[in-house]
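Undergrad: Structure below; questions to follow.
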Amino acid sequence: MIKIKLAWLFVKEHWKVFAMAIWSIGIFIFARKNNQAAIETMEVRKKSYESQIQALQDARNVEIQKREELTLKYQETLVKIEEKYAIKEKELSRKEKKKVKEIIKKAESSPNEINNKLEELFGFAVTG
């Protein structure tokens, strides 16, 4: 019984040490539970971020593929337009030559009349 009284006196004298020990054990247990929850939350967030990154990369790849397809289509269209332009230019040049020949045939005797008609047709003055 004396040992219990001595222990009680010691505890009364140094109660702060025992309170701190109990408090530390409680904090340790509580923090351990919260720590595990925090780890699980971080893992879920990590998976979510990874899925978002993957979705963004997939969208970017699709965008790059569409851009490449559009560039190819643009180049093909440009080639077709250039070919049509060359053909039309040749046709126009032939038509102009025919018109010039017709003008010259119709007005063989009058050079002034030829000059006037050429000026009307092409929009520039003939000097000579």
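Undergrad: Based on the Cα gyration tensor of the chain, what are the three equivalent ellipsoid semi-axes, each the root of five times an eigenvalue, rounded to whole Å and given largest first? Walk me through the intermediate numbers first.
TA: Values: eigenvalues 2266, 57, 6 Å².
Result for the chain: semi-axes of 106, 17, 5 Å.
Undergrad: Another question about this same structure. Students often forget the sequence filter, so: which aspartates and glutamates lie under 16 Å Cα-Cα from Lys98 once same-chain residues fewer than 8 apart are removed?
TA: Once the sequence-local aspartates and glutamates are set aside, what remains near Lys98 is Glu89, Glu108, Glu119, Glu120.
Undergrad: What ³J(HN,Hα) values, in whole Hz, does the Karplus curve 6.51 cos²θ - 1.76 cosθ + 1.60 give for region 52-57 when θ = phi - 60°, with x put for Gly and Pro?
TA: Going residue by residue, I get 5, 4, 4, 5, 5, 5 Hz, with x marking Gly and Pro.
Undergrad: So how much slack lies between Lys5 and Arg32, counting 0.36 nm per residue of separation and subtracting their Cα-Cα distance, in nm?
TA: 6.1 nm
Undergrad: If each DSSP helix of 4+ residues adds -39,500 (n - 2.57) and the sum is divided by the residues in the chain, what number results at 222 nm, nearest 500 deg cm²/dmol? Mind showing how you got there, number by number?
TA: Working: 3 runs with 116 residues, N = 128.
About -33500 deg cm²/dmol.
Undergrad: Positive end of the dipole of the chain, charges at C-beta (+1 Lys, Arg; -1 Asp, Glu), about the Cα centre: which of Ser24, Ala37, Tyr74 has its Cα farthest in that direction?
TA: Ser24
Undergrad: Cross-link partners among lysines for Lys97, C-alpha distance below 16 Å, same-chain residues fewer than 8 apart left out?
TA: Correct list for Lys97: Lys88, Lys105, Lys106, Lys117.
Every number in this text was worked out from the coordinates using simple rules, so none of it is lab data. Predicted model, so just to flag it, every value in this text is computed and none were measured. Counting neighbours? That spans all protein chains shown, and the Cβs are built from the backbone with ideal geometry, glycine included.
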